[in-house]
Structures are given as structure tokens and as C-alpha cells.
């Protein structure tokens, strides 16, 4: 049987070819907030492998706090231009500091500056504070590399279920659900 992680990697690579999307690696990650409600937002998918799906963020952001309280997490990908949707359900755990360092080094300098200048999800006094805080960070690191903030890291979603949906004009969409049962994947077709 086809490995769903390998299948995802193939679909992802296919979706990247001539993608009309500005944020080509954007995926929606949903967590459970402190009141038990789902909370979704788009993040940049960094990698996928046998361990799971990796995205980076402040570990003390709203999503980071949600995951630390309840690791049950979902991820949804929508690649309209190739007619694919993928839904992942699993548990998220923090990545290592070494992995966070490696991902930090792949970020653009402007992304590093923005990350360093702000505390994600914290209140902002006024809109003009955006540019002033960014300028302060730029001045502080003008002649040096920007170190990874301690609170910046990431999470890996280890899937327990992955559903692939291939859209068809006939509306006879192909839905393939893979479930992890005792360390092995079991595939089930679902009605459209």
C-alpha cells in the first residue's frame, strides 16, 4: 500500500509547480483553545517526513499555548490549482532547539527581524508601533546576524489520520482516508 507521507510529498511537489499562490507552503493549522473551541490560522509548512508535518512559530503564541495545553491538532491544505485537498489529524510536539536553529537560518532577514521585533499574538498599543518596533530591531542588529529568539521554535504534527481528496468536475471526488493503526497505515475510500 502507498505510504500517505510519500503521497503527500508527491502532491506537495506537484502543487509547487507553476503555483499561482503567493504563499506556496501555506497550510491551515487548527488547535483547541482554552474554552474548547477550534482555532485555525495559516502557517508556513516547513517539512514533512516520517515524524510528521513541521511548522514554526513562537512557542508562547496562542497556537503554541493551545498545543502545550492540548496537543490534538489538525492541518488542512487546499491546492485549488491542482484540485487537491489534504486533511491531517494528529498530535503536535515541540521540535528540538537544533531543528529550530536550522529552520531559523532558512528565514529571510526581514522575517527574522519581524520575529525578533514582536511578541506574536500579544496586544499592540497603536498601529504606528509596528514600524517603530521593526526599525528598533533593524538598528539593533544592523551589523550582525540575528539570533533565534528563545521563544521561537516549532511543532511537528504526528498524524493519526490523513485524508486525500481529489476533486473531479463530475463531483465524483476521490476521497482516500489513511488511519494509523498500531504503527501501520490502513486505507479506506470514502464517499464524496
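A short reminder: the numbers here are calculations on the coordinates, not readings from a lab. All of these numbers come straight from a predicted model, not from anything done at the bench. Because the Cβ atoms are built from the backbone with ideal geometry, glycine has one as well, and the counts that use them run over all protein chains shown.
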Exercise for review: Looking at (1) in contact with a helix residue (DSSP H, G or I) (Cβ under 7 Å, 6 or more places away or on another chain); (2) closer than 30 Å to residue 183 by Cα, find the lone condition where residue 77 falls short.
Suggested key: (1)
Review point. In the stretch 84-106, which residue that is touching a strand residue (DSSP E or B) at 6+ places or on another chain (Cβ under 6 Å) and not in a strand (DSSP E or B) is farthest from residue 59 (Cα to Cα)?
Key: 103
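Of the residues 23, 68, 13, only one is under 24 Å from residue 115 (Cβ atoms), surrounded by fewer than 14 Cβ atoms within 10 Å (Cβ to Cβ) and out of contact with any helix residue (DSSP H, G or I) (no Cβ under 8 Å at 6 or more places or on another chain); which? Before the answer, list the steps.
Values: 68 fails: surrounded by fewer than 14 Cβ atoms within 10 Å (Cβ to Cβ); 13 fails: under 24 Å from residue 115 (Cβ atoms).
23 is the lone residue from the list that is under 24 Å from residue 115 (Cβ atoms), surrounded by fewer than 14 Cβ atoms within 10 Å (Cβ to Cβ) and out of contact with any helix residue (DSSP H, G or I) (no Cβ under 8 Å at 6 or more places or on another chain).
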Review point. Looking at (1) touching a residue at least 24 places away in the same chain (Cβ under 8 Å); (2) under 13 Å from the mean Cα position of the chain (by Cα); (3) farther than 18 Å from residue 150 by Cα; (4) not in a strand (DSSP E or B), which is the only condition residue 64 fails?
Key: (3)
Check your understanding: Looking at (1) more than 22 Å from residue 161 (Cβ to Cβ); (2) part of a helix (DSSP H, G or I), can you tell me which one residue 11 breaks?
Key -> (1)
